[in-house]
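To start, the structure under review is shown below, and the notes come after it.
The values are calculated or read from the model by the stated rules, or taken from the named source; none is laboratory data. Please read all numbers here as calculations on a predicted model, not as lab measurements. Note that we place each Cβ from the backbone using ideal geometry, even for glycine, and neighbour counts take in every protein chain shown. Ligands, DNA and RNA are stripped out before the accessible areas are found, and what is left, the full protein with its side chains, is counted by its heavy atoms. Shrake-Rupley method; radii C 1.70, N 1.55, O 1.52, S 1.80 Å.
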Amino acid sequence: MGSGRSHGMSERERVTVAGVSVSVDHYVGGRRVSSPTTFEDRSPLDWSTVLAEVSAGDSDVADAAVTAATDAFEGWAALGPAGRAPHLRRLAEKIDQRVPDIAAVECVDMAMRHESLRNRVIGRGARNFRAYADLAEQHEERTWSSNGTANRVQRLPAGPVVVITPWNAPFMLATWKVAPALAAGNPVVLKPAEWSPLSASLLADLADEAGLPPGVLNVVQGIGSEVGPTLTSDPRVRRISFTGSPETARLIGASAAANIVPFTAELGGKGALVVFADSDLEAAARTAAGQYDDSGQVCLAATRLLVEESAADEFLERFGAHVDAHVLGDSHDDATTITPMIHPVHLARVEEFVERARAAGDTIVRGGRRHTPDGLWYEPTLISPVSNDSEIVQHEVFGPVLTFQTFADEDEAVALANSTAYGLSATLFTGSADRAERVGSALRAGTTWVNCFLVRDLTAPFGGLGISGLGREGGDHALEFHADLKTLQIRDDTTT
């Protein structure tokens, strides 16, 4: 596949995944670049199947990608929001045209439900590019007069951006970060996670087809620990956007600090789902059981169920009925609700969490084991901890594992909900408007949903408190992160 443009695409090979042609190489400066070493990409649906041998980036590839982005910066920045917007909208159109292909590849590469990918998740990528093209064009500079001067606050493109994305919902999350960076006038080097790299390669294809100038979007494949430090420590990089673990974020943050580079990080959560007795218990229980979707591999999942004592028995009965209706199966089957874990290493990590909880005296209310001995499915698990200080309560598992605790009143509910080091999201169910405002405001989280869950507005700020993150994405918040703000002051008596 190629656009026919003069810079072309020269690559080592392509592979066919789910009937779709995918390049296994990097995309640097508008062309495909291979590496002498590779890494295996396997499908969680069938771990015996190697989907592709993917080029493994090294310091030379990372340097070439940053160089390409640096070379493209001046021209891309000079286009201005109105000049960049048509490029982003063409890319959105290309995504819309290829939703079935991208969904097919991501389903086998990451194992998210195909129904969700084809009907909601992949299309969100196109909406991201359109939304940020619109927001950048619609921005109005702040102007005012003071001290005999006319004042304007200008947004200046900052420079090359490194974007590092996680393995869950990789295409959507890549577009969520790439779109505002490009809209703000900054070329991007995208480093996808090595456990699900293929949809990022498709994004590079679509950028090429859409006619993005060479170097505006670059994709570097590879093992994070091998290629990531070169990207994040390059002094030419002027912004870093990362989604992943707090441990990796600390390393990236040190590199960013060394070069005085602004850094945004979304680092997961341990969200509480707080249920009061006056709420719609059926809706609350259904929402709680829904936290097992995608095997709980969702940063916004509400993994700590906190229920008012007087409603605990009824809630658990309703919750159990919804969990019993879950289907563990192939991600291609629309009847499937719980998909396999991404990787044997991650499955083992989840198993170890549960086994340590069992050894510590926590009660395994349901689940607590692999679904089959040879697959990557793990049963939906509910644990009643002996203490709020239990590891299973305080640390992110990132799997189909929830905890259950009760509370006596609002004060205890808020104290329990706010008792972890995380603060990405919280969910509250209540039938009282006063309590919705009072408790909703008291919950310590970057986003709190009341009587709903996972409702997202692209213009709203998104990010976490505590170790759940640094900075905010979404809407103008993302565009301002990717800009250098400048105040221009001109004396009133200045003449032409």
In region 193-222, the residues that are part of a loop (DSSP other than H, G, I, E, B) and either more than 28 Å from Ala78 (Cα to Cα) or open to solvent by 10 Å² or more (accessible area, probe 1.4 Å) (or both): Ala193, Glu194, Trp195, Ser196, Pro197, Gly211, Pro213, Pro214, Gln221, Gly222
Subset of region 41-71 [of a type in the set (A, V, I, L, M), open to solvent by 10 Å² or more (accessible area, probe 1.4 Å) and assigned to a helix (DSSP H, G or I)]: Val61, Ala64, Ala68
Matching residues, region 72-94, being out of contact with any strand residue (DSSP E or B) (no Cβ under 6 Å at 6 or more places or on another chain), assigned to a helix (DSSP H, G or I), within 15 Å of Ala133 (Cα to Cα) and of a type in the set (A, V, I, L, M, F, W, C): Trp76, Ala82, Ala85, Leu88, Leu91, Ala92
Boolean, Gly268 is over 30 Å from Pro36 (Cβ atoms), touching an Asp or Glu at 6+ places or on another chain (Cβ under 7 Å) and in contact (Cβ under 8 Å) with a residue 24 or more places away in the chain: yes
Qualifying residue in region 239-249 (condition: in a loop (DSSP other than H, G, I, E, B) and either of a type outside the set (D, E, K, R) or surrounded by 24 or more Cβ atoms within 10 Å (Cβ to Cβ) (or both)): yes
Residue within region 141-156 that is in contact (Cβ under 8 Å) with a residue 40 or more places away in the chain and among the aromatic types (Phe, Trp, Tyr) present: no
Strands (runs of 3 or more DSSP E) contained entirely in region 401-496, each with at least 2 residues that are surrounded by fewer than 19 Cβ atoms within 10 Å (Cβ to Cβ): 483-491
Considering residues of region 346-369 that are of a type in the set (Lys, Arg) and open to solvent by 80 Å² or more (accessible area, probe 1.4 Å) only, the residue nearest to the chain's Cα centre (by Cα): Arg349
Enumeration of residues in region 276-315 that are touching a Pro at 6+ places or on another chain (Cβ under 7 Å) and either crowded, with 24+ Cβ neighbours inside 10 Å or among the hydrophobic types (A, V, I, L, M, F, W, C) (or both): Tyr292, Ser295
